[in-house]
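All remarks here apply to the structure that follows.
Derivation of every value follows stated rules applied to the coordinates shown; laboratory data play no part. Every value quoted in this text rests on a predicted model; they were computed, and no experiment measured them. When we count neighbours, we look across all protein chains shown, and the Cβ atoms used for this are built from the backbone with ideal geometry, even at glycine.
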Amino acid sequence: MSNSKPHLLFCGLLFFGATTVRAQQVPSAISSDPLPDKEFPASMEAPDVPSHGSRLNAVFYLASGCGPHSTVLLMHGLPGNEKNLDLAYAVRRAGWNVLIPHYRGSWGSTGTFSFANAIEDTQAAIQFLREAQNVKKYRIDPKKIVLVGHSMGGFMVSYAAAHDPEIAGLVMISALNIGNAHPPVTQRTESLIAASPRLAGTTPAGLLAEEKENAAKWNYLDYVEVLKTRPVLVLESNDRNLADNKAMAQALKKAGNSRVTEIYIDTDHTFSDHRIALQIAVLQWLESAFALAAK
């Protein structure tokens, strides 16, 4: 496929809302595989990530080349039906490693699921990326770790970045704000009922009680002050998290963050009919915020 065709196909796509994204050349990682590196080929690993006595199943997409590579930690939502694997492949084609772990009690990871455990699991995955043996084995640049989270994962990465000043940047995709949930209890309960059969050791009532007990410290709007010096992408969709997402972007701007990008895409919570638009938004942001990171 020539460069002109994908450009014409995608430049008319959709970026509406708080930030207008200029029509740009579609990132080559959307449509083209990189040249293979015979000595250091792109590959996929399945490491176990230790977290507080449990084992997290994980998939690690390793970029080609000797590195060291900037690395994305990609955290999925609740319970993780949408894992954003297409995004992981696109980011890897752009030269980044991508680690996707599964929280305790989900998708074969041992232990019990809870929001508090998921917070610890996200932090454990970051520590995994910094351990010397893993830095060497997986060709990681530990100074260039960017957190990307979708839905509940968006909260998890905001919490982790707020408590870890060494995180280089943050992407919040339709991020759930656990400490300031807008939907009525009945609506949240319906979501938790649907998710709970896929999660070990938890119940909808238990998760609701955990939300209520920790609301004062799990509102990501309270993390703005410590995130105002780092690049942040807030990706919004037409879902029940939109008000909190907009509030987060505006609060970061008001706090003086000159590197916050807010993009609204008119689609559903899982970006079902705008998957390529999601990839373009994330790849363009990574390139603009970390132009030399993946070189």
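So here's what we get for this one:
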quantity: Relative contact order %, the range 32-100, counting alpha carbon pairs below 8 Å whose residues are six or more apart; calculated: 33
quantity: The range 195-295, dipole about Cα centre (Lys/Arg Cβ +1, Asp/Glu Cβ -1), debye to the nearest 20; calculated: 380
quantity: Mean separation of Cα contacts under 8 Å, 6 or more apart, over the residue count of the chain: relative contact order %; calculated: 19
quantity: Highest-first arrangement of 132-144, 149-161, 60-72, where packing means the average Cβ count within 10 Å; calculated: 149-161, 60-72, 132-144
quantity: Stretchable slack from His52 to Thr203, in nm (0.36 nm times residue separation minus alpha-carbon distance); calculated: 52.2 nm
quantity: Inter-part distance where the range 79-144 and the range 218-246 are each reduced to a Cα centre, Å; calculated: 21
quantity: Lys pairs under 20 Å by Cα in the chain, provided they are eight or more residues apart or on distinct chains; calculated: 16
quantity: 4 °C / 1.567 mPa s Stokes-Einstein diffusion coefficient of the range 97-234, Kirkwood radius on C-alpha pairs, µm²/s; calculated: 82
quantity: Bins of 10 Å, starting at 0 and running to the largest distance - Cα pair percent for the range 199-257; calculated: 20, 37, 31, 12, 0
quantity: Dipole-positive endmost among Pro142, Asn241, Ser288 within the range 136-295 (Cβ charges, Cα centre); calculated: Pro142
quantity: Per-selection Rg to Rh, the chain - Cα, Kirkwood hydrodynamic radius; calculated: 0.95
quantity: Residue order, fewest to most beta carbons within 10 Å, for Glu225, Glu82; calculated: Glu225, Glu82
quantity: Nitroxide proxy distance, nm - points 7 Å out along Cα→Cβ at Asp164 and Glu39; calculated: 3.0
quantity: Cα centre as origin, Lys/Arg/Asp/Glu Cβ charges: the chain dipole, Debye; calculated: 600
quantity: Cβ-based charge dipole, the chain, positive-most Cα from Leu199, Phe113, Leu278; calculated: Leu278
quantity: Where the Cα pairs of the range 74-159 fall when distances are cut into 5 Å bins, in %; calculated: 3, 14, 25, 25, 20, 12, 2
